[in-house]
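The values are calculated or read from the model by the stated rules, or taken from the named source; none is laboratory data. Since the structure is predicted, the reported quantities are computational estimates derived from the model, not experimental observations. FYI the Cβ positions are ideal-geometry reconstructions off the backbone, even for glycines, and counts take in every protein chain you see. SASA here: full protein model, heavy atoms, side chains in, ligands and nucleic acids out. Shrake-Rupley method; radii C 1.70, N 1.55, O 1.52, S 1.80 Å.
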Amino acid sequence: MHEENKAAANGCSKIRRGAQNGAALLALMEKTGYSMVQQNGQRKFGGPPPGWEGPPPPRGCEVFVGKIPRDMYEDELVPVFERAGKIYELRLMMEFSGENRGYAFVMYTTKEEAQLAIKILNNYEIRPGKFIGVCVSLDNCRLFIGAIPKDKKKEEILNEMKKVTEGVVDVIVYPNATDKTKNRGFAFVEYESHRAAAMARRRLIPGTFQPWGHTIQVDWADPEKVVDEETMQRVKVLYVRNLMISTTEDKIKAEFNKFKPGVVERVKKLRDYAFVHFFHREDAVAAMSVMNGKCIDGASIEVTLAKPVNKESSWKQHFNGQISPNSENLLGFPNKEDGTQKSLGKPASLSIRLNGQHSPGPPEAERSTYPIFPGIKLTPISMYSLKLSHFSSAVMHLDYFCHKNSWAPPEYCLYSTTSQDGKILLVYKVLISSIADDSQSYFMPEKLCTTVEDAKELAAQFTLLHL
């Protein structure tokens, strides 16, 4: 009887809370004039707001909000997010129970308002001890296509994608680092809308479509990192891509100094790309215009402004081995519903410290622990079916990356030396035999570590960086 009374009391409490919440939402709608409708597992506030004329705001005006308390609703959320600007639309994801699902999307009327929301509300304490996360949200219009034959040109890939999918706008293909006549085995396909990309992703599921007789890999490509205009206006570093492996930093500096001698401060080259630092921004902008498309050592280079380092996070480790044009400080770098994605730029983590040196770390996995309750169902699962966000080490990332590219697992060979003070110092060489006929098959960092764990982690990071 006691349990029945307790259950009844809880039911009454939920009803009261529901009634109170309903009254609060009605009051919010009357006060703001916004409409509210619930459908397809989400509740939409506004979109458009009262008196809005013209098309919806452009891409870049929406933010993703995570870690929302499950019993928090628009009556509390709207006043908080109005601090950054006028809300065009707020979409709160809902459960059948009436609780929210812990996340929402807030679209502002301008990009500047969205950037301000990220700046002032990310890690905001929305309730005592409850901190929300706010980051940019973009409708993804780009797919990652892997396992493409390396002899296929951009035009061939573009035509093949247009044959079987609709709304193809462009194909981005990277040339091989050592042989510019070949691609790197993957491409990014840009579509006219998120819906077109989603339909194409379904159509291209491996096994249903085999271009050129090959089974391809298909997944979402993460949108490129968004940097506010004010920050980009201060950039005086150029990102130079598609260089020959043999091209030296001195050669790059000399080429960029040709249009105006003495303007280049320094050059940092990593494999087939480089960062060219200028003393003055105006010279960097002028050089970008002059040098983009020029040939250096027989390679046609691409030149853009480098995206600056986010001091609060670390480098972007890309699923496909590409490095985003963020900055040459790769050893200290800081969606929508689909989560972690293959990318031109991938969500990054805090850098870790190895042997006193900051080294690039993979995206930091959530380290919380949860109790196993009696009777809880546990299902066997392969680690390769998980997303990158579930891994907390570069060693696991590298194993996952090799598996996804149908390569043999990486082999680690340990070497040692003795320091002047008698310490044993260690370094691993990583061998990936599957790519021996295509490009460099072994990788070894130029730093020594005092522990085996650090040496292996550093070697894996170095390998991922150079693949």
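Rounded to two decimals, the Cα-based Rg/Rh of region 142-220, with Kirkwood Rh, is 0.95.
The magnitude of the dipole of region 387-466, with charges of +1 and -1 set on the Cβ of Lys/Arg and Asp/Glu and taken from the Cα centre, is near 140 debye.
Rolling a 1.4 Å probe across the protein heavy atoms gives region 142-220 an accessible surface of 49 Å² per residue. Charged neighbours of Glu282, selected by a Cβ distance under 11 Å, balance to +2 (K, R count +1; D, E count -1). Across the cross-link table entries Lys180/Lys253; Lys182/Lys447; Lys258/Lys447, which are compared at the Cα atoms, the separations over 25 Å belong to Lys182/Lys447; Lys258/Lys447. Within the assembled protein chains, the solvent-accessible surface assigned to Ile205 is about 90 Å², based on a 1.4 Å probe.
Near Tyr124, the amide H atoms lying under 5 Å from its own belong to Ile132; only residues 5 or more places off or on other chains count, and H is placed 1.01 Å from N. Here is the list for region 51-125: GluC sites (Glu not before Pro) lying in DSSP coil, each with at most 10 other C-beta atoms within 10 angstrom of its C-beta, are Glu53. Charged neighbours of Met444, selected by a Cβ distance under 13 Å, balance to +1 (K, R count +1; D, E count -1).
With K and R counted +1 and D and E -1, the other residues having a Cβ less than 13 Å from that of Phe131 yield a net charge of +2.
Apolar share of the accessible surface for region 229-305: 51 percent from carbon plus sulfur atoms, 1.4 Å probe. Please give the FRET efficiency for Glu95 paired with Arg59, using the beta carbon to beta carbon distance and R0 = 22 Å, rounded to the nearest 0.05. Computed FRET efficiency for Glu95 and Arg59: 0.20.
Within the accessible area of region 142-220, the carbon and sulfur atoms contribute 48%, probe 1.4 Å, all protein chains present.
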